[in-house]
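Asker: Let me begin by handing over the structure; questions about it come next.
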Amino acid sequence: MVGDQEERYRPGMRVVVAPNMGCGICRLCISGNTQLCMNYQALGIHLDGGFAGYVRIPAKAVLRGNVMQLAQNVSFSEAALAEPLSCVYSAFERAAIKAGDNVLISVPV
């Protein structure tokens, strides 16, 4: 189901959702650190998420661009890895690792 005022999406459209939502107006959100927002919410943590039968995407998430159309050549299994991969890739970019650097990857046992 798509909200009455939403024109970008239609029933049956394949989409992915970035689950993390800050308020969008505080200093931390504006600086790109929505995960540190005092009013941070996340699907699957604060709101029903991916394991729910149905997920209601809040209007603020739609307005802030958290919903993206999924390309037809991307499977749902591949799409399920988009968010965790983006977290790892973001950390990789922030760490500024270069060829020849020594790194340690710790895996919980």
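Asker: In the stretch 21-37, how many residues are under 17 Å from residue 86 (Cα atoms) and modelled with pLDDT under 90?
Answerer: The qualifying residues number 4.
Asker: Of all residues in the stretch 38-52 being modelled with pLDDT of 90 or more and outside any strand (DSSP E or B), which is farthest from residue 22 (Cα to Cα)?
Answerer: Only one residue fits best here, namely 38.
Asker: Oh, and also: Can you tell me which condition residue 32 does not meet? The list is (1) part of a strand (DSSP E or B); (2) free of Cβ contacts under 8 Å to residues at least 12 places away in the same chain, and all the others hold.
Answerer: If we test residue 32 against (1) part of a strand (DSSP E or B); (2) free of Cβ contacts under 8 Å to residues at least 12 places away in the same chain, just (1) comes out false.
Asker: If residue 25 passes every condition in (1) farther than 30 Å from residue 103 by Cα; (2) within 17 Å of the chain's Cα centre (by Cα); (3) surrounded by fewer than 16 Cβ atoms within 10 Å (Cβ to Cβ) but one, which one does it miss?
Answerer: Among (1) farther than 30 Å from residue 103 by Cα; (2) within 17 Å of the chain's Cα centre (by Cα); (3) surrounded by fewer than 16 Cβ atoms within 10 Å (Cβ to Cβ), residue 25 violates only (2).
Asker: Kindly provide the set of residues from the stretch 53-85 that are surrounded by 12 or more Cβ atoms within 10 Å (Cβ to Cβ) and assigned to a helix (DSSP H, G or I), ordered by number.
Answerer: 60, 61, 62, 78, 79, 82, 83
Asker: With the condition kept exactly as written, say whether any residue in the stretch 5-15 is surrounded by 11 or more Cβ atoms within 10 Å (Cβ to Cβ) and at pLDDT below 85.
Answerer: Checked against the condition, which is being surrounded by 11 or more Cβ atoms within 10 Å (Cβ to Cβ) and at pLDDT below 85, the stretch 5-15 yields at least one hit.
Asker: Go through the stretch 64-89 and report how many residues are polar (S, T, N, Q) and within 17 Å of residue 49 (Cα to Cα).
Answerer: 2
The values are calculated or read from the model by the stated rules, or taken from the named source; none is laboratory data. Being a predicted model, the structure only gives us computed values, none of them experimental. All Cβ positions, even for glycine, are placed from backbone atoms using ideal geometry, and neighbour counts span all protein chains on display.
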